[in-house]
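Structure record follows, encoded as structure tokens.
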Amino acid sequence: MNYKEAMEYVEGLSRYGCIPGLESIRQLCGRLHDPQEKLRFVHIAGTNGKGSVLAYVSTILQTAGYKVGRYISPTLSDYRERFQINGKMIPKSQFGRYLEQVKEAAEQMEAEGLPHPTQFEVDTAFAFLYFLDKKCDIVVLETGMGGLTDATNLITTTVCAVLAPISMDHMKMLGSSLEEIARQKAGIIKENCTVVSCGQKEEAMRVIRREAERFGCPLRIAGEKDISHVKYGLTRQRFSYGGHKNLEISLAGKYQITNAALAAEVTEALNAAGYSISDKALREGLLGTRWPGRFTIMGRAPLFVLDGAHNEDAAAVLADSIKFYFPHQKIIYIMGILADKEYDKIIRITAPYAEQIITVTPPRNPRALGGYELAQAAREYHPSVTVADSLQESVEMACLLAGEEKNTAVIVFGSLSYLGEMMNIIEHRDAIRRDSHGKSE
């Protein structure tokens, strides 16, 4: 199977939908000789921030000298981003070879009258197979949705079960209360692992404590009280956490301090479990972490900020960061949201800080909310809303609205699914501007 054939197969998997449960992934991995049983994992669940925590932890481990598998979803610009080793995605030349093995096992299941595995189950089995074959020392993976019945929860060799901030999202699938959702997220907790959580709302923390106790797992909490000497910035941020003084990160966003502190606590837990991660590796790993699409700063005049805020809590965090970092700037939004999100709440929280809102339809996504429908919803909260027919047009409109003012920030948010393409458009625009300035000089 070459790369083109492999991607055609992957694109066809969407018809199998999203089905929570472990039976299908158990069957699939069993036919592949259970590669996950021969790996060790840092397993991350949560509503917001789990991807950033994954990026920090995997970069720290890599800096400490370990060969680190990284399994993420969704991706920004290339499907192969899901499967990374030491920050490098699987080469196209190898992609089809591993997928062929998973495809054969999935088709064998279907021939025997079993349900065909979903796309996420195929991806997960693929990741386990790839990381084992490449002899990864440890794999850092995030859940797709929830935790308890998520395909990634097939694993039994978890070293650390990590809980990023838990809030309301995917209620149709995970439950209508914070306690129900936390119960799903805390489902990644297993015997013989260490549980590491950020500070949570009380309903969520009760569940986490109860599950850690039930499995006899030590619980470590990265609390806000242990974070001190914080210095915020758009290109560098500094903080101290516990005994670690003057840690630095290069990711913007107030919430990244909390994510980085959680990663530092995971590092402590891994050291206690027998891994060797020096303070130097922690510092270099935190500073060297890159995670596009999370309050990512791009361009100049106007400044673009891209953020995957896609639910109520993430919108509140984004609004807080806008107020903090851009208190005097003119703010323009480009919004593209999926139809199964609580977009009315996202708009209500963020609308007060924008002078103008531009709506778009995230392309090539069957779950996308139409830009016109989003604009209608936005007009309930803001008087200046415009629909763009394409992502390219939305960038052009934002630049026209910004004019030559340097005191303008364009915030692009709502769904990660279109941010990769937006990054390419903005980078292309900046490259053209640099070339034209160079020629004029």
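The values are calculated or read from the model by the stated rules, or taken from the named source; none is laboratory data. Owing to the predicted nature of the structure, the values given are computational and were not obtained by experimental measurement. Note: ideal-geometry Cβ built from the backbone for every residue, glycine included; neighbour counts use all protein chains shown. The area values use the complete protein model at the heavy-atom level, side chains included, leaving out ligands, DNA and RNA. Shrake-Rupley method; radii C 1.70, N 1.55, O 1.52, S 1.80 Å.
Pick from Glu427, Glu396, Glu373: which is open to solvent by 50 Å² or more (accessible area, probe 1.4 Å), under 28 Å from Arg15 (Cβ atoms) and modelled with pLDDT of 90 or more? Criteria check complete, one pass: Glu373. The condition (being free of Cβ contacts under 8 Å to residues at least 24 places away in the same chain and either of a type in the set (S, T, N, Q) or in contact with a Phe, Trp or Tyr (Cβ under 9 Å, 6 or more places away or on another chain) (or both)) is satisfied by just one residue among Arg364, Arg433, Arg379: Arg364.
Residues that are touching a Leu at 6+ places or on another chain (Cβ under 9 Å) and open to solvent by 50 Å² or more (accessible area, probe 1.4 Å) within segment 203-227 comprise Glu203, Arg209, Glu213, listed in sequence order. Which ones in segment 283-325 are under 15 Å from Ile349 (Cβ atoms), outside any helix (DSSP H, G or I) and among the aliphatic types (A, V, I, L, M)? Scanning segment 283-325 gives a single hit, Ala309.
Before we move on, is Val412 surrounded by 19 or more Cβ atoms within 10 Å (Cβ to Cβ) and assigned to a strand (DSSP E or B)? Steps first, answer last, please.
Details: surrounded by 19 or more Cβ atoms within 10 Å (Cβ to Cβ): yes; assigned to a strand (DSSP E or B): yes.
Yes; evaluated as a whole, the condition is true for this residue.
Within segment 336-356, one or more residues are within 18 Å of the chain's Cα centre (by Cα), part of a strand (DSSP E or B) and modelled with pLDDT of 90 or more.
Selection over segment 83-122 of residues that are closer than 18 Å to Gly30 by Cβ, of a type in the set (Phe, Trp, Tyr) and in contact with a Phe, Trp or Tyr (Cβ under 8 Å, 6 or more places away or on another chain) gives a count of 1.
Scanning segment 10-51 for residues that are at pLDDT below 95 and among the hydroxyl-bearing types (Ser, Thr, Tyr), we see that the one that is least open to solvent (accessible area, probe 1.4 Å) is Thr47. Would you mind finding the one in Ala151, Ala182 that is within 23 Å of Arg82 (Cα to Cα) and touching a helix residue (DSSP H, G or I) at 6+ places or on another chain (Cβ under 6 Å)? Answer to the check: Ala151. Residues that are assigned to a loop (DSSP other than H, G, I, E, B) and charged (D, E, K, R) within segment 79-113 comprise just one, Glu112. With respect to Leu76, is the statement that it is open to solvent by less than 50 Å² (accessible area, probe 1.4 Å), of a type outside the set (Gly, Ala, Ser), closer than 27 Å to Thr258 by Cβ and touching a helix residue (DSSP H, G or I) at 6+ places or on another chain (Cβ under 8 Å) true? Against the criterion (open to solvent by less than 50 Å² (accessible area, probe 1.4 Å), of a type outside the set (Gly, Ala, Ser), closer than 27 Å to Thr258 by Cβ and touching a helix residue (DSSP H, G or I) at 6+ places or on another chain (Cβ under 8 Å)), Leu76 qualifies. The residue pairs whose first member lies in segment 261-277 and is free of Cβ contacts under 8 Å to residues at least 24 places away in the same chain, whose second member is not in a helix (DSSP H, G or I) and not small (Gly, Ala, Ser), and whose beta carbons are closer than 8 Å, counting only pairs six or more residues apart or on different chains, are Asn271/Ile277. Among the residues of segment 255-303, those that are closer than 23 Å to Phe41 by Cβ and of a type in the set (Val, Ile, Thr) comprise Thr258, Val266, Thr267, Ile277, Thr289. Within segment 91-104, does at least one residue satisfy the condition of being among the acidic types (Asp, Glu) and either within 24 Å of Ile189 (Cβ to Cβ) or open to solvent by less than 20 Å² (accessible area, probe 1.4 Å) (or both)? No: zero hits.
Val230 fulfils the conditions (1) surrounded by 22 or more Cβ atoms within 10 Å (Cβ to Cβ); (2) modelled with pLDDT of 95 or more except for a single criterion, (1).
Specify the residue that is farthest from Asn86 (Cα to Cα); the eligible residues are those in segment 124-148 that are buried (at least 24 other Cβ atoms within 10 Å of the Cβ) and free of Cβ contacts under 8 Å to residues at least 60 places away in the same chain. Here the residue is Phe126.
Just to be sure, is Gln84 open to solvent by 10 Å² or more (accessible area, probe 1.4 Å), under 17 Å from the mean Cα position of the chain (by Cα), of a type in the set (S, T, N, Q) and modelled with pLDDT of 95 or more?
On the way: open to solvent by 10 Å² or more (accessible area, probe 1.4 Å): yes; under 17 Å from the mean Cα position of the chain (by Cα): yes; of a type in the set (S, T, N, Q): yes; modelled with pLDDT of 95 or more: yes.
Yes: the conditions hold for Gln84.
Report yes if Lys185 is of a type in the set (Lys, Arg) and either under 23 Å from Ala55 (Cβ atoms) or loosely packed, with under 14 Cβ neighbours inside 10 Å (or both), otherwise no. Judged against the criteria, Lys185 is a match. Every residue in segment 321-366 that is open to solvent by less than 40 Å² (accessible area, probe 1.4 Å) and aromatic (Phe, Trp, Tyr), please. Tyr325, Phe326, Tyr333, listed by residue number.
Taking the criterion of being of a type outside the set (D, E, K, R), more than 14 Å from the chain's Cα centre (by Cα), farther than 30 Å from Ile208 by Cα and modelled with pLDDT of 95 or more, would at least one residue in segment 67-80 satisfy it? No, that holds for no residue. Looking for something of a type outside the set (D, E, K, R), touching a Leu at 6+ places or on another chain (Cβ under 8 Å), part of a helix (DSSP H, G or I) and in contact (Cβ under 8 Å) with a residue 40 or more places away in the chain - is there at least one such residue anywhere in segment 114-121? For segment 114-121, residues of a type outside the set (D, E, K, R), touching a Leu at 6+ places or on another chain (Cβ under 8 Å), part of a helix (DSSP H, G or I) and in contact (Cβ under 8 Å) with a residue 40 or more places away in the chain: present.
Can you spot a residue in segment 282-295 that is of a type in the set (Asp, Glu), surrounded by fewer than 19 Cβ atoms within 10 Å (Cβ to Cβ) and without any contact (Cβ under 8 Å) to a residue 40 or more places away in the chain?
Of all residues in segment 282-295, those of a type in the set (Asp, Glu) come to 284.
Those still in the list that are surrounded by fewer than 19 Cβ atoms within 10 Å (Cβ to Cβ) too: 284.
Narrowing the set further to residues that are without any contact (Cβ under 8 Å) to a residue 40 or more places away in the chain leaves none.
No, every residue in segment 282-295 fails to be of a type in the set (Asp, Glu), surrounded by fewer than 19 Cβ atoms within 10 Å (Cβ to Cβ) and without any contact (Cβ under 8 Å) to a residue 40 or more places away in the chain.
Residues in segment 259-287 that are in contact with a helix residue (DSSP H, G or I) (Cβ under 7 Å, 6 or more places away or on another chain) and of a type outside the set (A, V, I, L, M, F, W, C): Asn259, Thr267, Glu284, Gly285.
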